[in-house]
1. How about the stretch 93-129: which of its residues are among the polar types (S, T, N, Q) and either in a loop (DSSP other than H, G, I, E, B) or closer than 17 Å to Ala79 by Cα (or both)?
2. Is it the case that the stretch 202-219 has a residue that's part of a loop (DSSP other than H, G, I, E, B), under 18 Å from Asp54 (Cα atoms) and either in contact with a Pro (Cβ under 9 Å, 6 or more places away or on another chain) or within 16 Å of the ligand (Cβ to nearest atom) (or both)?
3. When the stretch 158-194 is examined, which residues are found to be away from the ligand (no atom under 14 Å from the Cβ) and in a helix (DSSP H, G or I)?
4. Read through the list (1) over 23 Å from Leu236 (Cβ atoms); (2) in contact (Cβ under 8 Å) with a residue 12 or more places away in the chain; (3) more than 15 Å from the ligand (Cβ to nearest atom), then give the number of the only condition that Ile89 fails.
5. Could you tell me which residue of the stretch 71-90 is farthest from the chain's Cα centre (by Cα), considering only residues that are among the aliphatic types (A, V, I, L, M) and not in a helix (DSSP H, G or I)?
6. Does the stretch 219-228 include one or more residues that are hydroxyl-bearing (Ser, Thr, Tyr) and under 20 Å from Val74 (Cβ atoms)?
7. Only one of Ser240, Ser205, Ser212 is small (Gly, Ala, Ser), modelled with pLDDT of 95 or more and within 21 Å of Gly268 (Cα to Cα); which?
8. Closer than 23 Å to Trp259 by Cα and in contact with a helix residue (DSSP H, G or I) (Cβ under 7 Å, 6 or more places away or on another chain): does that describe Tyr67?
Amino acid sequence: MKLRKTTSAAALALATALVLSACGSDDSANGDGTGGADGGDGGGGTITIGVKVDQPGLGLQTADNDYVGFDVDVAKYVAAELGYDEADIEWREAPTPERENMLVNGDVDMIFATYSITDERKERVDFAGPYFVAHQDLLIRADEEVTETDDINELTLCSVVGSTSAQNVNEKFAPDAQMQEYSGYSECLTGLENGAVDALTTDDSILAGYASQEAHAGKFKLAGLHLSDEYYGVGLPKGSDQRADVNAALQKMIDDGVWAETVEEHFGPAGYEAADAPEITETD
Ligand code: GLU
């Protein structure tokens, strides 16, 4: 069923009607009119999930077109709880500046992509969760130090358009810092390496993944500044009827210990000490 790719009002209305007419809670996985599966548990439908593709440890597309990382594994767990096999998942790249649009346009059913819950974003989309807490930090060259938040005002920083990381710098803690904004974090790494920028700033969870990549061995380090709290939520279309089921799946993953194992598997190798699982607050 390819309805999830359709954005016309008529198709949305039809899909919504199908969902509403479905009886039994197993069919709640059918999406919100944007598509998704058509049969609930094992019913042969698909679910389209947005993830990052260039963030090692979180969402990374491999050379054999596989998707790996913490966000990917949380997405697989939630999808399984909603009745989808791994083979039923269609992965889509969800770049930082595109996430709200992708949900609004019905390009994806849900997004697991280091997606911070913010009031501004909640005007256009809904969130389930949170399922992880990260903190904004700086990635700097290994032989340099940035010890005070005030020092950031002197720096040229690189981040990504539409991210909380880019927004926070000038609005919250470094009004005078120079900001360069690109479409992906990996593009900032080249600038950091060749001296065009002094630091890449985003969530420490993401930065730890870059610092520990073999290609960057010994080149970069985290400054160790906790500049914000970033609560990662599951992005859902506004008005989604799946939030309760997604929250239940996240809570189950935390309670059965799989969440902690998944954290260790993906962040352990980077030496990143993740915070404990947050309380789920996005309930209505
Ligand atoms: N978590 C932050 C955000 O959602 C930064 C990471 C990202 O760009 O995905 O904006």
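The values are calculated or read from the model by the stated rules, or taken from the named source; none is laboratory data. Computed from a predicted model, the values in this text were never measured in an experiment. Using ideal geometry, Cβ is built from the backbone for each residue, glycine included, and neighbour counts are taken over all protein chains shown.
1. As a first pass, look at the stretch 93-129 and keep what is among the polar types (S, T, N, Q): 96, 101, 105, 114, 116, 118.
Passing the criteria: Asn105, Thr114, Thr118.
2. yes
3. Selection gives Asn170, Phe173, Leu189, Thr190, Gly191, Leu192, Glu193, Asn194.
4. (1)
5. Step one: filter the stretch 71-90 for residues among the aliphatic types (A, V, I, L, M), giving 72, 74-75, 78-80, 82, 87, 89.
Remaining after also requiring not in a helix (DSSP H, G or I): 82, 89.
Numbers: Leu82: 19, Ile89: 16 Å.
My answer is Leu82.
6. The answer is no; no qualifying residue exists.
7. Result: Ser205 is the single residue among Ser240, Ser205, Ser212 that is small (Gly, Ala, Ser), modelled with pLDDT of 95 or more and within 21 Å of Gly268 (Cα to Cα).
8. Values: closer than 23 Å to Trp259 by Cα: yes; in contact with a helix residue (DSSP H, G or I) (Cβ under 7 Å, 6 or more places away or on another chain): no.
So Tyr67 does not fit the description; no.
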